[in-house]
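Novice: My questions all concern the structure below.
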Amino acid sequence: MRIFEQLESEVRGYVRSFPVMFDTAKGSLLYDEQGNEYIDFFAGAGTLNYGHNNPIISKALLKYIERDGIMHGLDKATVAKRTFLQKFYDTILSPRNLEYKVQFTGPTGTNAVETALKLARMIKRRSNVIAFTNGYHGLTMGSLAVTGNTFYRDESYGIRNNSAFMPFDGYFGPDVDTIEYFRRFLEDASSGVDLPAAVILETVQAEGGINVASNEWLQQLEQLCREFDILLIIDDIQVGNGRTGTFFSFERAGITPDMVTLSKSIGGGLPLALLLMRPELDQWQPGEHTGTFRGNNLAFVAAAESLAYWDNDDLAEAVKYKGEIMETELNSIAEKYPELNAKVRGVGMIWGLELPRNGFSSEVSKKAFENGLVIELAGAEDQVVKFLPSLTIDEKMLRQGLAIIDKSIGDLLA
Ligand code: PMP
């Protein structure tokens, strides 16, 4: 680790949480340099929905490299990009009757968010954008302005002047209607909230602590946006790509966002970020919003290949089945240790175990790592242990990982 301490910025995070030298990975297993094995319940923060070095994706990539396929193409037309767009249309958009145009925005999630925010402001000629408590949309200046956690922010950045936060579903507990609260802020001039160009949200807040918006809440929010001429942006960067059991997370609520941001697993493990927008919103001039790495053709190859998982319902059904195992096992862990007051939340294959006792979640993740499980924390105080295995994990390994959490809590309380 010495070279990391010597050379890598103090900002480094995971190198501290998981103090070993990782070397190889396959499916849901990681190996360090000494050959020790770890089950991965983190999946690259949602980037590896199809597992590490997925054999189908790796094979397609090797074949593409061997035939000297274009690697870097800016936004030139390439066969790899055409193949991805066609596959995305045929497999994802067309069967769902979704009419969106696709903008390649850069390699990473925040690039897609920045693009959405810029476009919404440009179209509506309004600078305010509403985001939600506990939302996470990235850490560059535009996306940071709509990210709720003030840990990431310094007053000197000067970014607070064109965004406001509304309470997410359930923020004040079950009895407060947060949509009504939002409506009142829009209607009442004394609220100080300017009519926004857009609202941006995750249907399941991932970094924010696995907070699941109800279908009714999402439907009411869509209705409110229509009433007030506000664009609805769903950030599906972490919980899209099948995480919740459908390709897009918003499908369960039957809503149709004006824009959708996608990244992480859309690239099949490689860097890729997209903005989907209703066709009439595509008001850019050619070249008006560019970036050098919008044309990572290896990512197009991996992305196109990974979409084969959506040719039939097998993966969606597997997510439902394994998600129920996660829910059942986590609830039984919560019941087994009543002194923890643990709360279980989630949908599909994203689950959180909230452990209100101060600092206990970090102890659990540390102990779990000693016991062979890589797992991350979420929530403004890192109070939630976050379960995000790859969607392709086999049932036995999933159960093993959950058993490690049970054992780790048991070890700590013993
Ligand atoms: N939106 C959501 C919902 C995310 O979870 C993340 C990353 N955790 C981002 C945006 C930002 O993506 P990136 O870190 O790739 O810039």
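The values are calculated or read from the model by the stated rules, or taken from the named source; none is laboratory data. Computed from a predicted model, the values in this text were never measured in an experiment. Here Cβ is always computed from backbone atoms with ideal geometry, including for glycine, and neighbour counts include all displayed protein chains.
Novice: For the range 349-393, what are the residues that are hydroxyl-bearing (Ser, Thr, Tyr), outside any helix (DSSP H, G or I) and surrounded by fewer than 24 Cβ atoms within 10 Å (Cβ to Cβ)?
Specialist: Passing the criteria: only 392.
Novice: Among the residues of the range 269-278 satisfying the criterion of being in a loop (DSSP other than H, G, I, E, B) and within 14 Å of the ligand (Cβ to nearest atom), which is nearest to residue 316 (Cα to Cα)?
Specialist: 269
Novice: Oh, and also: Provide a single number: the residues in the range 141-164 that are surrounded by 15 or more Cβ atoms within 10 Å (Cβ to Cβ) and touching a residue at least 12 places away in the same chain (Cβ under 8 Å).
Specialist: Counting residues in the range 141-164 that are surrounded by 15 or more Cβ atoms within 10 Å (Cβ to Cβ) and touching a residue at least 12 places away in the same chain (Cβ under 8 Å) gives 12.
Novice: Under 8 Å by Cβ, and 6 or more places apart or on different chains, what pairs join a residue from the range 183-208 that is β-branched (Val, Ile, Thr) with one that is within 15 Å of the ligand (Cβ to nearest atom) and assigned to a helix (DSSP H, G or I)?
Specialist: 200/113; 200/116; 200/117; 203/249; 203/250; 204/249
Novice: Also, quick follow-up: Looking at the range 75-106 only, could you name the residues that are within 15 Å of the ligand (Cβ to nearest atom) and modelled with pLDDT of 95 or more?
Specialist: Within the range 75-106, 104, 105 qualify.
Novice: Within the range 88-102, is even one residue touching a Leu at 6+ places or on another chain (Cβ under 9 Å), in a helix (DSSP H, G or I) and exposed (fewer than 15 other Cβ atoms within 10 Å of the Cβ)?
Specialist: yes
Novice: Could you tell me which numbered condition residue 291 fails, if it satisfies all but one of (1) within 16 Å of the ligand (Cβ to nearest atom); (2) modelled with pLDDT of 95 or more; (3) touching a Ser or Thr at 6+ places or on another chain (Cβ under 8 Å)?
Specialist: (2)
Novice: Right, residue 407: without any contact (Cβ under 8 Å) to a residue 12 or more places away in the chain and in a helix (DSSP H, G or I) or not?
Specialist: No: the conditions fail for residue 407.
Novice: Return the residue satisfying two criteria in turn: it lies in the range 210-268 and is among the β-branched types (Val, Ile, Thr) and more than 16 Å from the ligand (Cβ to nearest atom), and of such residues it is farthest from residue 48 (Cα to Cα).
Specialist: Of the residues in the range 210-268, the ones among the β-branched types (Val, Ile, Thr) are 210, 212, 230, 233-234, 237, 239, 244, 246, 255-256, 260-261, 266.
Those still in the list that are more than 16 Å from the ligand (Cβ to nearest atom) too: 230, 246, 255-256.
Numbers: 230: 33, 246: 16, 255: 26, 256: 26 Å.
Going through the qualifying residues, I end up with 230.
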